Amino acid sequence: MSGREQPSFGSLMQNDRTWVRISSIAAVFSVVVAVAMLASFAGRVVDPSVTPEFVELKESLREASGDESVHAAIANQIRSLDVELRTEYFDRRAFMGAASWLLLGSLFVTIASAKVVANLRRQPPQLAEFESDVDDPDRIMSLQSLSAVGGFAVGVFLFSSWLIVSDRSVLPPDATHLAALFPESNDVAMVATRGLDVESEELEDAGATEPSMPDVEPAVVDPEVLPTLDEKRKFWTRFRGTDGMGVVESTSIPETWDGASGEGILWKTPVDLPGTNSPIVWGDRVFLSGATEERRTVSCFDAANGALVWQTDVPLPAPEDDGGEPVELTVNDDTGFAAPTMATDGVRVFAIFAHGDIVAMGFDGEIVWTRSFGTPHNPYGHASSLVTDEERVLIQLDQGEEDEPSSRLIALDGRTGETIWETSRDVPASWSTPLVIEYEGESQVITCANPWVITYRTSDGEEIWRCDALYQDVGPSPVMRDGVVYVCNEVPGGAAIRLGGSGDVTDTHIIWQVDFGAPDTTSPLLVDDMILMLASFGTLTSYDIGEGGDPVWEQDFDDGFKSSPTKIGDRVLLIGESGACWIVATTKEACETVSEADLGEKCVTSPAILDGRIYVRGEKHLFCIGES
Amino acid sequence: MKRLVRSVRESWGRHTVANPFGGRLRWSFASLLALLVGLHSSIVSGELIPTPDFSSHSIPTTQVPSGSGLAWEYLDVAILVVALSLASYFALVTRSRRHLFLLSFASLVWFGFVRQGCVCSIGATQNVALAIFDNGYVIPLSVVAFFLLPLLFTLFFGRTFCAAVCPLGAIQEFVSVKNVQVPRWVDHSLGLMTWIYLGAAVIFSATGTAFLICRYDPFVGFFRLGGNANMMIAGGVLLLVGVFVGRPYCRYLCPYGAVLSVFSRFSRFHVRIPPTQCITCGLCSEACPYGAIESPVSRATPVEASRGRRRLGYLLVAAPLIVVAFAGLGAMMRGPLSRMDPEVQLAEQLRMETLGLTATTTDASEAFRNARRDERALLEKVLVTQERFRWLGVALGAWIGVVISVKLVSLAVRRPHADYRADTKNCVSCGRCFWYCPVPDGKAPGVTPTTGPTEPSQLVQIT
């Protein structure tokens, strides 16, 4: 009687199925060990001191600081818990160490068995599949290999180029920028006038010689002492000048210039980030902000030669708000992420961006403070520019719909960023910049929105009067002269409102209203006894300042306009969207074009004028126009 | 000849099984490997927990552990010499794939897991570069030995170091289960990365900026059972790829392999596929997973020669332009390259913290601020460093241009030969091809061409 023959050990070792089983068992074991490690890893305590129980005990300990016995008891509890947590931590480490070796061993068996299986199941080479190079003598030096190496070279080239292009460094690129970051003294003016080694690629100097700076007062150095209004009026501290009127009385400017050829252009400097805000000027420094969805900066240029003195990145807001919801910000392309013009109080500069974040910087580019008011609910993007009044920074943060407005007027302390006062406004989103005026010894701020023109006291934010005068999307900013404020919007038109009222003055203080030629973007300009309104479609309309009524005259210009008109001496400067410029002389009789000029690139911003120079931001460059 | 080939095929047929190594098992294995090595990485990496808030326990002072001692270094060098000798002996004299594999496994255990991947010849390249350019750096003799000995052996015996001594090669050899042939054009192009990596590693180490090879060693984490999670994942991916593509790190990344390939080209006694005369049966051509077997190339016809000369001419003209273009590009790489420097990294971190661009600090930035060091002085130093990297970028760019140009020119040069032979540059002397070759070595009297290859060892004659 013979039993079933048992397979020998040797034959088992030659059986591929044996090795498949071994490999499979080892693989399953590896997975089990891996899962156990994963579970242990997931339950680990990275920092025992932040566990809720621990934090709670610490808080109790803090509260029990007066009672020694309770204090000691809680301290003992904490010690016990600490030991417990640490014991658990080190136990886990020990487990992981042992499991690692087990995993390594099981992996080894898995792989080794798999290799044996591969060996036992190996197929012999098939001669029919062999390819000899004998019949293909060009193979080694084939075009395929050459092309592959060529493609690899192109790939390396493109990858390197991408590294270069995407390189964003916050470090100063050279000694000049480093010096600007670390002034050797607090005297900003001294730093400003120190010889700057301007790199040629950064400065596209249109003139043959280095222009000299006009005589300007040194900038204020004491951060606690703010310059007076008269001192501020020597510079261009906000949108349309310190008074916000777009008027420079006694100065002259060149009659023509050409951005392309450089004629009449003292310098032009590339501006890397886009922005539709206008330049402001203090001393020998010109400031701009720029932003994209990914980056925001404030830049400071040397007014003498256009060199970038410093550029400071402004941190972007967190991608999620406090509620964990992703922050979504969509802005109109025409508005962009940096539409509001900056402002300065003579010690710091302030900038606000589409995200509703405001930043204050010293003249050295260091961030002094930042505040965030949340993304404004604004269909086109926030565009109202900042203004300053003494130590206050005023923000007209209009947002929301007519039936659900959430607008505010906010006064921040420019030194600290703290809120001085904040007033709710029952108006929807608007894009107008407020105007600070002095009236009967009191500082007031006039705001324009749909439908109310509202005036507040700047000291405490109390509303003084309001007037129902503007409808729909309000963009133009107000101007004022001799106790009358002039406002306008495409709908319903322009209005003159006498100051001095209280409450709703719609029926009592409107002097006149007109309904033709009012702009939707640009702000009005007071010239002599006329008010000029420049419509986006290129018609400049003049009204009598005292009566309104019918237009005194109308003049068409062959361009679209987003840049507000500016009075310089006895001339008015108009800058079209295409970059075409007109210098006109306006009288009651007519509007005569004195000269024409061309920036050479698109422009939607308003110029800053100082000492016979025009600083204007084009689509890609910051220009300085003037005579050397 | 035909009878010989037929007998070989018949001999092969006896080992053929009906159910070949299945795709399902293969993929399951690969997935498992990837999952586990990745897991291993993240889990075992070291963590630090804060010291107790209040405890009577005195916090021990941080101490730098003493070195392992000279004895270990000498022992390592001695083992290296023995391993290199054995590898050369097994590859050239006994022609034993089995012994090579076992030796490589032993090297993996010793140089990898026991000595934890340090010192290694690949990384020693950086120490040598630093020692050459920095007079203040004293390079240990053992490191010099680890750098030079494999080169010396390679000059005589080919890349036997890669075959069975290098732990990085060994771990890839171990996971190499089912290799596929990679098109030669892929090897030609991706192989250039070894040279670029070498150039970058030398530049960064010579300037004391960083030891790239060590920092981005994909396998050292496995040897130490813990490490940087990203690098461990990269290592896991490489091992996963290595299941199908033989030694991906050695072929496409290893900078020391690039140096060895030059020495191996001029090796005095390089491994041969047939022990005697090649019969051009072609059986070996599929055996090498590294694309290191050159098929015969006939002499060029007049038309081919003319076309080849023209192509070579174009490439010789283009070569200087390529070098200049990459050198110019390198000049603009100042920013990205200098970012490898720890001081540049610290300066950037400090600026970002100042500007509010980052919410977290680093140990380095906190230490800098706590020590009240001068940020301006740091930035001034960084400017100097960045300027230095402008020129280093030019050097690196020019090097890349030279590497690409030499490769293009070499591809355009025809080298006629009649046999199947090992490509001495890329052959790592692993011995896989021995078993495929039906030509007897003349030493084993019982073996004749008609009997075919002998039964392979299960563990070592794999793919």
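General observations
- Among the residues of segment B:277-324, those identified as of a type in the set (Gly, Ala, Ser), open to solvent by 20 Å² or more (accessible area, probe 1.4 Å), in contact (Cβ under 8 Å) with a residue 12 or more places away in the chain and closer than 30 Å to B:Gly397 by Cβ are B:Gly291, B:Ala318.
- Among the conditions (1) within 22 Å of B:Val119 (Cβ to Cβ); (2) open to solvent by 30 Å² or more (accessible area, probe 1.4 Å); (3) part of a helix (DSSP H, G or I); (4) in contact (Cβ under 8 Å) with a residue 12 or more places away in the chain, B:Ile139 misses just one, which is (3).
- A:Gly494 vs. criteria of a type in the set (Gly, Ala, Ser) and touching a residue at least 12 places away in the same chain (Cβ under 8 Å): yes
- Filtered residue count, segment A:25-34, keeping only those that are within 9 Å of another protein chain (Cβ to nearest Cβ) and surrounded by fewer than 17 Cβ atoms within 10 Å (Cβ to Cβ): 0
- Selection within segment B:203-252 - within 14 Å of chain A (Cβ to nearest Cβ) and not in a helix (DSSP H, G or I): B:Phe219, B:Arg224, B:Leu225, B:Gly226, B:Gly227, B:Gly246
- Set A:Ser80, A:Ser147: member being modelled with pLDDT of 80 or more, out of contact with any helix residue (DSSP H, G or I) (no Cβ under 7 Å at 6 or more places or on another chain), open to solvent by 50 Å² or more (accessible area, probe 1.4 Å) and over 30 Å from B:Ser189 (Cα atoms): A:Ser80
- For A:Ser563, the stated conditions hold: it is of a type in the set (Gly, Ala, Ser) and touching a Cys at 6+ places or on another chain (Cβ under 7 Å).
- A:Gly626 buried (at least 22 other Cβ atoms within 10 Å of the Cβ) and over 18 Å from A:Gly275 (Cα atoms): yes
- Between A:Lys562, A:Lys567, the distinction of being surrounded by 15 or more Cβ atoms within 10 Å (Cβ to Cβ), part of a strand (DSSP E or B) and either out of contact with any strand residue (DSSP E or B) (no Cβ under 7 Å at 6 or more places or on another chain) or not small (Gly, Ala, Ser) (or both) belongs to A:Lys567 only.
- Scan of segment B:404-427 for residues that are closer than 18 Å to B:Val317 by Cβ, among the aliphatic types (A, V, I, L, M) and either surrounded by 21 or more Cβ atoms within 10 Å (Cβ to Cβ) or at the interface with another protein chain (Cβ under 9 Å from one of its Cβ atoms) (or both), ordered by number: B:Ile404, B:Leu408, B:Leu411, B:Ala412, B:Val413
- Selection from segment A:235-279 of residues that are among the charged types (D, E, K, R), assigned to a strand (DSSP E or B) and buried (at least 22 other Cβ atoms within 10 Å of the Cβ): A:Lys268
- Residue within segment B:260-276 that is open to solvent by 30 Å² or more (accessible area, probe 1.4 Å), of a type in the set (Val, Ile, Thr) and modelled with pLDDT of 90 or more present: yes
- Qualifying residue in segment A:506-525 (condition: modelled with pLDDT of 95 or more, touching a Lys or Arg at 6+ places or on another chain (Cβ under 8 Å) and among the aliphatic types (A, V, I, L, M)): yes
The values are calculated or read from the model by the stated rules, or taken from the named source; none is laboratory data. Fair warning: this is a prediction, and the values are worked out from it, not measured in the lab. A quick note on method: Cβ atoms are made from the backbone with ideal geometry, for glycine too, and the neighbour counts reach across all protein chains shown. Accessible surface areas use protein heavy atoms only, side chains included; no ligands, DNA or RNA. Shrake-Rupley method; radii C 1.70, N 1.55, O 1.52, S 1.80 Å.
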